[in-house]
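*Asks:* Take this structure first; my questions come after.
The values are calculated or read from the model by the stated rules, or taken from the named source; none is laboratory data. Keep in mind it's a predicted model, so treat the numbers as computed, not measured. Glycine gets a Cβ as well: all are built from the backbone with ideal geometry, and neighbour counts include every protein chain shown. Ligands, DNA and RNA are excluded from the accessible area calculation, which covers all protein heavy atoms including side chains. Shrake-Rupley method; radii C 1.70, N 1.55, O 1.52, S 1.80 Å.
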Amino acid sequence: MISIIIPTLNEEKNLTKLLSQLKQLKNTISFEIIVVDGGSQDQTVAVAKNDAAVYQLHKANRGAQLKLGVEKSSGEILWFLHSDSRIESSQNNVLEQIQTALKDSHYSAGFLKLTFDSSDFFYRYLAGTSNLRARYLGLIFGDQGLFTTRESYEKVGGFEPTPLMEDWQLSRKLWKLGKFYSLSATIITSSRRFRKGKLRTHLKMHKIKLLYLLGMSPEKLAKRYYK
């Protein structure tokens with residue numbers, strides 16, 4: 001079984017679209033959908049209950065949500081998705097692709113080919129560099145649809161319950177176990193975080209990464225990132 005784990009916070013509209021798409025995947029491989037909500041004030045929880053097992057952590061952070069999602073899941077394979085992501089409509093066999101990729105013991109994890117919901121050159125540049133970073137530097141971020149086996153996840157200690165950089169931390173640990181599989185299937189993510197200024201947001205994200213490498217805690221980074 002594949003466990004699809006989705007952390008949410010006020011994602012009523014996006015989650016509705018993602019769940020509808022996941023229901024259309026080929027069911028030749030059994031899967032479950034687990035949504036862990038961090039205290040939504042909209043109808044996210046009500047939407048999720050129609051198609052997923054739902055757990056709630058009020059005033060939680062994404063790391064804690066993902067960690068709980070794994071604890072509540074049953075699958076031998078774990079697939080982590082953001083609620084504002086979409087799977088390319090033609091890739092309805094993505095579950096089979098994930099299962100096949102992880103049968104090769106040389107791979108400890110994998111990711112989907114990232115693209116944005118905009119054809120602007122800036123977003124094509126971001127997607128291209130993100131895919132190269134994941135493949136050759138061992139850094140998979142949350143919007144790239146990271147997948148791994150439960151065995152590998154538990155071997156490296158899983159997600160840390162941190163408010164930021166939880167995907168960085170997990171992927172670095174998984175990279176030490178084996179290579180990352182670059183799936184041919186495309187995952188489309190929202191460009192909404194860049195709408196207040198593409199370059200400004202991009203530079204801010206790089207600054208956060210640099211401060212993390214210099215030793216600043218995820219808690220302090222989160223205060224800078226979300227202010």
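*Asks:* Looking only at Cα atoms, what is the convex hull volume of region 1-125 per residue, in Å³?
*Replies:* Working: hull volume 15.8 nm³, N = 125.
It is 126 Å³ per residue.
*Asks:* Quantify how much of the Cα-Cα distance distribution of the chain extends past 25 Å, in percent.
*Replies:* Values: 9429 of 25651 pairs.
Roughly 37 percent, rounded to a whole number.
*Asks:* Could you sort the peptides 71-80, 22-31 by per-residue average Cβ neighbour count (10 Å cutoff), highest mean leading? Could you put the intermediate results ahead of the total?
*Replies:* Values: 71-80: 18.9, 22-31: 13.0.
The densest-packed peptide leads the list: 71-80, 22-31.
*Asks:* List the relative contact order of the chain as a percent without decimals, with contacts defined as Cα pairs under 8 Å and 6+ residues apart.
*Replies:* Numbers: 430 pairs, mean separation 50.7, N = 227.
Across the chain, relative contact order equals 22 percent.
*Asks:* Next up: What does the convex hull of the Cα atoms come to per residue for region 130-175, in Å³? Kindly include the intermediate steps, with their values, before the conclusion.
*Replies:* Working: hull volume 3.1 nm³, N = 46.
Cα-based convex hull of region 130-175, divided per residue, equals 68 Å³.
*Asks:* Roll a 1.4 Å probe over the protein chains and send me the accessible area per residue for the chain in Å². Don't skip to the answer; put the middle values down first.
*Replies:* Numbers: 11430 Å² over 227 residues.
Per-residue value: 50 Å².
*Asks:* By average Cβ neighbour count within 10 Å, what is the ranking of 116-124, 149-157 from highest down? List each step's numbers first, then the result.
*Replies:* Working: 116-124: 13.6, 149-157: 16.2.
Taking the mean over residues of other Cβ atoms within 10 Å, the ranking is 149-157, 116-124.
*Asks:* Hey, rough spin-label estimate for ASN93 and ARG200, points 7 angstrom out along Cα→Cβ, what's it come to in nanometres?
*Replies:* Inter-label distance under the simple model: 4.6 nm.
*Asks:* Could you work out the percent of alpha carbon pairs in region 1-53 separated by over 13 Å, rounded to a whole number? List each step's numbers first, then the result.
*Replies:* Working: 749 of 1378 pairs.
Here the tail beyond 13 Å accounts for 54 percent of pairs.
*Asks:* Using the alpha carbon gyration tensor of region 106-222, what are the three equivalent-ellipsoid semi-axes (square root of 5 times each eigenvalue), largest first, in whole Å?
*Replies:* On the way: eigenvalues 110, 75, 24 Å².
Largest first, region 106-222 gives 23, 19, 11 Å.
*Asks:* Work out how much length LEU211 to LYS59 would gain on full extension: take 0.36 nm times their residue separation and subtract the Cα-Cα distance, in nm to one decimal. Could the numbers behind the result be given before it?
*Replies:* Numbers: separation 152, 0.36 × 152 = 54.72 nm, distance 2.47 nm.
Here the segment from LEU211 to LYS59 would lengthen by 52.2 nm.
*Asks:* Place a label point 7 angstrom from the Cα of GLN41 along the Cα-to-Cβ direction, then list the residues of region 1-33 whose backbone nitrogen is under 11 Å away.
*Replies:* 10
*Asks:* Just for the chain, what percent of DSSP beta bridges are antiparallel, to the closest 5?
*Replies:* 25 percent
*Asks:* Near LYS220, which aspartates and glutamates are there with a Cα under 18 Å away, not counting those fewer than 8 places off in the same chain?
*Replies:* Excluding near neighbours in sequence, the set is GLU160, GLU166, ASP167.
*Asks:* Which percent of the accessible area of region 1-109 is formed by carbon and sulfur heavy atoms (probe 1.4 angstrom)?
*Replies:* Numbers: 2210 of 5060 Å².
Here carbon and sulfur together make up 44 percent of the probe-accessible area.
*Asks:* Sticking with this structure for a sec: With charges set only on the Cβ (+1 for Lys and Arg, -1 for Asp and Glu), what does the dipole of region 38-151 come to about its Cα centre, in debye to the nearest 20?
*Replies:* 280 debye
*Asks:* What is the extension gain from ASN27 to LYS72, computed as 0.36 nm multiplied by their sequence separation minus the C-alpha to C-alpha distance, in nm to one decimal? Working shown, then result.
*Replies:* Values: separation 45, 0.36 × 45 = 16.20 nm, distance 2.12 nm.
Extra length available between ASN27 and LYS72 comes to 14.1 nm.
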